[in-house]
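Here, each number is a calculation from the coordinates, and none is a lab measurement. Note that this is a predicted model, so its numbers are computed, not measured. We place every Cβ from the backbone using ideal geometry, glycine too, and count neighbours over all the protein chains shown.
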Amino acid sequence: MNLPDIWPRGGAKGASDRRVHLVSSPSHFLLSSLLAAIVFTVGSAEAHDRGTSYSAWELRGRDARVVLRLTELDVSRFPWAANRAPDLPAIIAGYVADHLVLVAGDSPCAIVDGPHALATQPGTLVYEWKLSCADTGPLRIHSTLLREVSPSHLHFARVEIDDTAAVERVLSERGDVWELSLGSEESSHAAGTDLLGYILLGIDHILSGYDHLAFVLALLLFGNSIGELAKVVTGFTVGHSITLAAMVLEYLHPDSAPIEALIGLSIALVAAENCWRASTQTRWVPALIVLTLLVLAAFAVQGYGQVPAITLAGLGLFTACYFGLLATVANPSSLRWSIAFLFGLIHGFGFAAVLTEVGLPRDRILPALFGFNAGVELGQLAVVAVVWPLLRLLAVRRRDAYELIAETGSAGVLALGLFWFLTRAYG
């Protein structure tokens, strides 16, 4: 049975120009394969997210109670956690007590109870312990959790001192100490992360979020005019802002596992479109993508994978319609904003995961949301401001070199997106 006429066919307009095509050039194919192998190797080290953990502290005078939450996935990065020893909970308890400490003056506060592992949902570890501090000296929290295996790990600490309102602060490699009080005779204070702090957190999150950067790079590789670029950036911004706000304000509660898998799939689909546009644009490429998504949907019905069947089937239908629409427009790049918007919705859930687990007080949600989103945008615009002018300059002066970079870069991003999708959905 022949495929419907909506599929783009070989010999599309512009296919006979001077462009060097990925599928028709052996040198390009070899370079693409090499780059794909490199990103698979690098991707294996970066397949997990940067990692976040959360602690809630209750300070009453010089006594404290802390509840720590972290993920099994983050802990599994340690060699001693891979063997699943029977005493692993005790090993983890000792580790967290040594790397998340409350200090009075120059002396660590004594642990008087715990740490005890608490019952929680699968994939999450929760520990609770109590401390007693010396009567003098300022109190401060010091976190080096998971720093050995994830230098960019973020720890969100939320503190309630006596009867004061709870405040939160982000601890990272840039600042891993939080001063809580001036001393036993002074009034207590705990300055939480301010607006600027959340802006910096958003910038850091996008610049160290390799999956988000890969998606932005895939969108830029075949961008044309500044007007089209503005539409793409705006589409992505609007998309992720909607879901970021909806999650932080608790209107939506999606599972994180399928979201992370879909972020990888979104990267692969955009890069696949790039490779298709760089080749002879035959109809079998989108047909293969749609067929693969439908097969995965069928497996999902049987309970395989993290992504729901209806989501995969919907993406298959969208892919069929999108590639069919590409065949009817003179400038395919003009449709990139729709892809950026759609997948921006998905990436917004990934951004929101950083904030939703903190348990922000109601009066702190909007400043944190605004600051973090602004930081994400500033980081994204910084990447665009550096990468896009270089690509445009190269396209004008060395067209062949630009096409080589765009095509091999898209192949590499495609491989990396597939790697992330498969490991997150079926790993």
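With 0.36 nm allotted per residue and the present C-alpha distance subtracted, the Ala401-Leu288 stretch has 37.8 nm of extension available.
Per-residue counts of other Cβ atoms within 10 Å, averaged by peptide: what ranking do you get for 406-416, 209-219, highest first? Kindly include the intermediate steps, with their values, before the conclusion.
Working: 406-416: 24.8, 209-219: 23.3.
In decreasing order of mean packing, 406-416, 209-219 become 406-416, 209-219.
With the Kirkwood sum run over all distinct C-alpha pairs, region 288-427 has a hydrodynamic radius of 18.5 Å. Between Asp98 and Val383, the distance separating the two model label sites (each 7 Å from Cα on the Cα→Cβ line) works out to 3.6 nm.
With 0.36 nm allotted per residue and the present C-alpha distance subtracted, the Ile242-Leu195 stretch has 14.9 nm of extension available.
Compute the Cα gyration tensor for region 52-193, then decide on rounded, prolate or oblate, letting a ≥ b ≥ c be the square roots of its eigenvalues: rounded whenever a/c is under 1.5, prolate when a/b is larger than b/c in the other cases, and oblate in all that remain.
Numbers: a/c = 1.99, a/b = 1.69, b/c = 1.17.
The shape class here is prolate.
How much length would be gained if the chain were fully extended between Val177 and Ala374, taking 0.36 nm per residue of separation minus their Cα-Cα distance, in nm to one decimal? Can you show the working numbers first?
Numbers: separation 197, 0.36 × 197 = 70.92 nm, distance 2.49 nm.
Stretched out fully, the Val177 to Ala374 stretch lengthens by 68.4 nm.
Our analysis of region 95-139 gives Rg over Rh at 1.09, with the two radii drawn from alpha carbon positions and Rh computed by the Kirkwood formula.
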